[in-house]
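Structure first, then comments.
Please treat every number below as a calculation from the coordinates, not as lab data. Predicted model, so just to flag it, every value in this text is computed and none were measured. Cβ coordinates were reconstructed from backbone atoms using ideal geometry, including for glycine residues, and neighbour counts include every protein chain displayed.
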Amino acid sequence: MALSPARIGIGGPVGSGKTALIERLIPVFESRNLELAIVTNDLVTREDARRIQRSGLIDPNRVLAVETGACPHTAIREDPTLNIQTADQLVLAYPGIAAVIIESGGDNLASTFSLDLVDYWLFVIDAADGDDIPRKKGPGVVRSDLLIINKTDLAPYVGADLDRMVREGTAVRDGKPVLLTNCATGEGIEAVMDQLVHDVLFA
């Protein structure tokens, strides 16, 4: 395992399933004996942090909230100081953790993470938003370490072609991984965890 906890960013548009992904990952971390802490970002609320704290999935004290008060890009990219300090606080309080997940506030496809803040980051998109998202080459889609296409169960209802999304996503990402998930059922979550273990948790 890395000498210090991995810092893993999760970004994506509002409603793409970032918080749901975290809720699904928590018990998978636990099943693999990997301790976790979480930092959430919201504009002027602590709604996501409270949701996770009340879920019963994790010690509520291991979940801290950052209220960005401005564009979510700023707190994870231009000036991530507050997020860095909050993650540091959790690392000091829980020296046995394997990772700190830092969830961005919901934003558009341009959201990216500063590498001063995270070692590795995931970008979550919603299949129901259209199968043209990957080929539009937004920075989050192209630059993230792992692209997740979530809500796969909704694809048939909007005519989205999942195979095409994976194919075009892989093409614009120079072969970096693209995974499918359905956070409502847990489908694909083990594959996400396997990718994290391979890429960052035991790097």
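For the stretch 49-95, the residue among Ala65, Gln53, Leu90 whose Cα projects farthest onto the positive side of the dipole built from Cβ charges is Gln53. This model, with +1 at the C-beta of Lys and Arg and -1 at the C-beta of Asp and Glu, gives the chain a dipole about its Cα centre of some 60 debye. Averaged over residues, the count of other Cβ atoms within 10 Å places the peptides 117-130, 183-196 in the sequence 117-130, 183-196, highest first.
Sort 158-164, 105-111 for me by packing, meaning the mean count of neighbouring Cβ atoms within 10 Å per residue, highest on top. Walk me through the intermediate numbers first.
Values: 158-164: 13.3, 105-111: 19.3.
So the order, starting with the most tightly packed, is 105-111, 158-164.
Footprinting exposure proxy ranking of Ser104, Ser4, fewest other C-beta atoms within 10 angstrom first, gives Ser4, Ser104. Near Ala99, the amide H atoms lying under 5 Å from its own belong to Ala6, Ala37; only residues 5 or more places off or on other chains count, and H is placed 1.01 Å from N.
From the Cα gyration tensor of the stretch 125-203, with a ≥ b ≥ c the square roots of its eigenvalues, which class applies: rounded if a/c is under 1.5, or else prolate if a/b is larger than b/c, or else oblate? Kindly include the intermediate steps, with their values, before the conclusion.
Details: a/c = 2.46, a/b = 1.24, b/c = 1.98.
Since a/c reaches 1.5 but b/c is at least a/b, the shape of the stretch 125-203 is classed as oblate.
Computed from backbone phi with θ = phi - 60° and the Karplus coefficients 6.51, -1.76 and 1.60, the 3J(HN,Hα) list for the stretch 160-175 is 7, 9, 5, 4, 5, 4, 5, 4, 6, x, 4, 5, 7, 9, 6, x Hz; x is used for glycine and proline.
Using the Kirkwood radius built from alpha carbon pairs, what does the Stokes-Einstein equation give as D for the stretch 6-197 at 25 °C and 0.890 mPa s, in µm² per second?
Stokes-Einstein gives a translational diffusion coefficient of 149 µm²/s.
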